[in-house]
1. Restricting to the stretch 283-328, give me the number of residues that are of a type in the set (S, T, N, Q), at pLDDT 85 or above and either within 16 Å of Leu258 (Cα to Cα) or in the same structural domain as Glu171 (by TED's automatic domain parsing) (or both).
2. Output the residues belonging to the stretch 252-305 that are in contact with a Phe, Trp or Tyr (Cβ under 8 Å, 6 or more places away or on another chain) and either of a type outside the set (Ser, Thr, Tyr) or surrounded by fewer than 17 Cβ atoms within 10 Å (Cβ to Cβ) (or both).
3. So which residues in the stretch 18-33 are surrounded by 18 or more Cβ atoms within 10 Å (Cβ to Cβ) and either outside any helix (DSSP H, G or I) or in contact (Cβ under 8 Å) with a residue 40 or more places away in the chain (or both), if there are any at all?
Amino acid sequence: MRARLFDIGVTACVLALLYLERDLARPPAVAAILAAMALVLLFRRAYPVPVAVVVCGLALAQLAVRPAVRMVDIAALIAMYSVVKYQPRLFWGGVAGAGAGVGVVLAAATERRNNGNFWTVFAVLGAITVAAWVTAFSVRTRRLYVASLEERTATLERERDHLARLTAADERAAIARELHDVVAHSLSVMIVQADGAAYTLDPAATQARQALDTIAATGRDALTDMRRVLSVLRGPSADDRRRVGLADVAELAAASGLPLRVLGAAGPLGAAEELTAYRIVQESMTNTLRHAGAGATLTVRLERAGGRLTITATDDGRGPAPAGEPGHGLVGMRERVAMHGGTFAAGPLDEGGWQVRASIPVSG
């Protein structure tokens with residue numbers, strides 16, 4: 001809308017020049033030609049080459065009817081400017097510049113017949129034409145550069161979103177692989193208990209025996225289906241992960257050399273809950289080693305209240321941050337917490353350092 005209003009303003013200014021030269025724009029045929037040269041500029045953005053052809057043709061017709069250079073002839077420069085700026089191929093800009101050069105020669109020749117000022121008119125109009133062409137070329141280059149930056153930014157945003165989705169999918173697959181041992185262990189216990197109870201029942205208790213057999217068979221089927229699904233998630237080259245928990249945090253810190261303080265206690269947790277808590281602490285340690293710099297200390301606070309376990313991992317961020325490629329630890333922690341229906345937040349602290357805070361509901 002703003003561009004349309006600008007074009008209307010340009011056309012109005014050219015028509016105003018025609019009004020100022022109304023005494024020179026005679027006979028009426030000349031006035032009609034000059035008015036048409038101004039009005040056709042309304043379409044210079046959408047059709048720059050046709051508009052330039054029409055304007056140049058009208059300018060030649062005006063010279064043929066009444067040979068004289070008028071201020072309204074600036075429409076030819078505007079048409080040339082539009083071709084250079086808006087036409088996708090610069091070839092047409094060169095053609096428009098050459099046509100404007102021919103127009104300058106014709107205008108200077110016309111003025112030589114009228115006043116004998118060929119070289120003066122040629123120099124002035126030539127300088128104005130060259131300045132207009134160079135300005136249009138500069139604006140065109142800037143416009144294309146900005147358009148390329150916008151396209152690159154949009155492409156990077158799409159790639160970032162796609163990478164985030166891929167990372168989230170990888171983390172979900174990793175979580176599924178880790179939870180396999182937890183669920184498989186629970187199913188195995190259920191199957192063994194059902195089989196053991198069936199052997200201890202009185203032979204006459206057929207209904208109870210059938211119920212236990214059904215429980216054992218259902219558990220075996222569920223275990224088989226889960227292994228089948230896991231084989232798809234695992235892939236041909238994935239390795240099994242051993243079952244870990246919060247008790248392994250101290251060993252992990254000693255192996256990495258990171259000063260670690262653990263405050264509070266998590267209490268009894270389910271296998272999946274303890275695995276999630278361990279991974280949150282592990283990723284927090286990784287982030288500290290990667291980004292907090294040498295000599296940084298990580299403090300992990302475990303708080304259990306109201307059926308929720310809150311894990312707060314805070315580092316003091318001392319020393320320069322080591323160089324390295326950024327990982328996807330935050331994505332993984334967020335996915336793990338979301339799996340339990342908890343809340344997750346991470347970010348820098350005002351006093352320095354970084355804090356990770358996760359809260360997940362836990363069983364009794």
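The values are calculated or read from the model by the stated rules, or taken from the named source; none is laboratory data. Just so it is clear, the model here is predicted, and its values are computed rather than measured. No Cβ is skipped: glycine too gets one built from the backbone with ideal geometry, and neighbour counts run over all protein chains shown.
1. 4
2. Correct list: Asn287, His291, Ala292.
3. Hits for the stretch 18-33 are Leu18, Ala25.
To keep it simple, each residue is scored yes or no on (1) at pLDDT below 80; (2) surrounded by 11 or more Cβ atoms within 10 Å (Cβ to Cβ); (3) more than 20 Å from the chain's Cα centre (by Cα); (4) part of a helix (DSSP H, G or I).
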| site | (1), (2), (3), (4) |
| --- | --- |
| Val95 | no, yes, yes, yes |
| Gly101 | no, yes, yes, yes |
| Val124 | no, yes, yes, yes |
| Ala136 | no, yes, yes, yes |
| Thr141 | no, yes, yes, yes |
| Ser148 | no, no, no, yes |
| Thr155 | no, no, no, yes |
| Arg158 | no, no, no, yes |
| Ala169 | yes, yes, no, yes |
